[in-house]
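In what follows, a single structure is set out as structure tokens and then discussed.
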Amino acid sequence: MKKLAAGNWKMNGNRAALAEVTALLAAHPAPACDMLLCPPTTLLAEMAALAAGSALHVGGQDCHPNASGAHTGDISAAMLVDAGASHVILGHSERRADHGETDALVLAKAEAAIAAGLIAVVCLGETEAQRDADETLAVIGAQLDGSVPHNATAANLVLAYEPVWAIGTGRTPTLEQIAEVHAFLRTRLTGRIGTAAAGVRLLYGGSVKPSNAAEIFAVSDVDGALVGGASLKAADFGAIVSALAAA
Ligand code: PGA
């Protein structure tokens, strides 16, 4: 399978930040892995135009389960497609926390995204309290069962394991903990969608940076990364892309 270096700009970046995309494409015109950047919606169409014909895919950070309607402030999957997106991040822990998103809502969004032709990047992960209570596998297993559509395939689903306590903190799980979770996710996903699970990219996310990327990418069943802070600068994200391409 082709590995995936995905960046989530979150609520960061104005149009001037698109210079980072130009720099990234100049430095990595044809990497041996897929690249994805998910900017704020305001930058999506312009970033997609910059990325056209390149190795870079662009995606949204959320979508509404409905195709259109009276939902002030929301964006539908079809609108993301229209703006040039091929992917959408769903169920990020910041959405789950800031907007009270449940597994059922993430599932509805993922179904809508897939129906619109997008690749759904579904995120899951435990809090620190859950890990301390030894609930990690139970929590992420329930999140997977509750938020991954039954009709998902390797072509329309990416799964991202992001421990909540590792996001933006500079802390990461041990490589053994990442390996344990990713092996568990592969098995659990097989139970949910069958043999297609073997080809679904399983990303690790949470404080991935140039200095730890190579060791994380060497862990089995880690097929790429979902990168927050380090995706904002072309040099940092490019170094992560290089580490993944070499893995
Ligand atoms: P981080 O964020 O790389 O800044 O820790 C990861 C994420 O939230 O996807």
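Going through (1) touching an Asp or Glu at 6+ places or on another chain (Cβ under 6 Å); (2) open to solvent by 40 Å² or more (accessible area, probe 1.4 Å); (3) more than 27 Å from Ala166 (Cβ to Cβ) one by one, Ala19 falls short only on (1). For the range 57-79, a tally of residues being in contact (Cβ under 8 Å) with a residue 12 or more places away in the chain and more than 30 Å from His28 (Cα to Cα) returns 6. Of the candidates Gly224, Gly206, the single residue that is more than 18 Å from Arg171 (Cβ to Cβ), within 14 Å of the ligand (Cβ to nearest atom) and buried (at least 24 other Cβ atoms within 10 Å of the Cβ) is Gly224. Comparison of Ala160, Ala197 shows that the only residue that is assigned to a strand (DSSP E or B) and either within 12 Å of the ligand (Cβ to nearest atom) or surrounded by 21 or more Cβ atoms within 10 Å (Cβ to Cβ) (or both) is Ala160. Can you pull out the residues in the range 142-153 that are more than 15 Å from Val164 (Cα to Cα) and assigned to a helix (DSSP H, G or I)? Result: Ala142, Leu144, Asp145, Gly146, Ser147.
The number of residues in the range 110-123 that are open to solvent by 10 Å² or more (accessible area, probe 1.4 Å) and not charged (D, E, K, R) comes to 6.
Here is a yes/no grid of residues against (1) more than 16 Å from Arg201 (Cα to Cα); (2) more than 14 Å from the ligand (Cβ to nearest atom):
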{"position": "Val88", "(1), (2)": "no, no"}
{"position": "Glu94", "(1), (2)": "yes, no"}
{"position": "Asp98", "(1), (2)": "yes, no"}
{"position": "Thr102", "(1), (2)": "yes, yes"}
{"position": "Ile114", "(1), (2)": "no, yes"}
{"position": "Ala120", "(1), (2)": "no, yes"}
{"position": "Cys123", "(1), (2)": "no, no"}
{"position": "Leu137", "(1), (2)": "yes, yes"}
{"position": "Val164", "(1), (2)": "yes, no"}
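Whenever a residue of the range 184-209 is touching a residue at least 24 places away in the same chain (Cβ under 8 Å), its partners that are among the aromatic types (Phe, Trp, Tyr) and open to solvent by less than 50 Å² (accessible area, probe 1.4 Å), lying with C-beta atoms within less than 8 angstrom and at least six residues away or across chains, give the pairs Leu185/Tyr161; Leu202/Tyr161; Leu203/Tyr161; Tyr204/Tyr161; Gly205/Tyr161; Gly206/Trp165.
Starting from residues that are under 23 Å from Met47 (Cα atoms) and in contact with a helix residue (DSSP H, G or I) (Cβ under 7 Å, 6 or more places away or on another chain), keep the ones in the range 82-109 and report whichever is surrounded by the most Cβ atoms within 10 Å (Cβ to Cβ). Here the residue is Ala85. Scanning the range 173-183 for residues that are open to solvent by less than 50 Å² (accessible area, probe 1.4 Å) and out of contact with any Pro (no Cβ under 7 Å at 6 or more places or on another chain) returns Ile178, Ala179, Val181, His182, Ala183.
Do we find that Ser211 is crowded, with 21+ Cβ neighbours inside 10 Å and within 13 Å of the ligand (Cβ to nearest atom) in this structure? Taking the combined requirement at face value, the residue does not satisfy it.
The values are calculated or read from the model by the stated rules, or taken from the named source; none is laboratory data. Computed from a prediction, not measured in an experiment: that's the story for all the values here. Positions of Cβ are backbone-derived with ideal geometry, glycine not excepted, and every protein chain shown enters the neighbour counts. Keep in mind that these areas ignore ligands, DNA and RNA; they rest on the heavy atoms of the full protein, side chains included. Shrake-Rupley method; radii C 1.70, N 1.55, O 1.52, S 1.80 Å.
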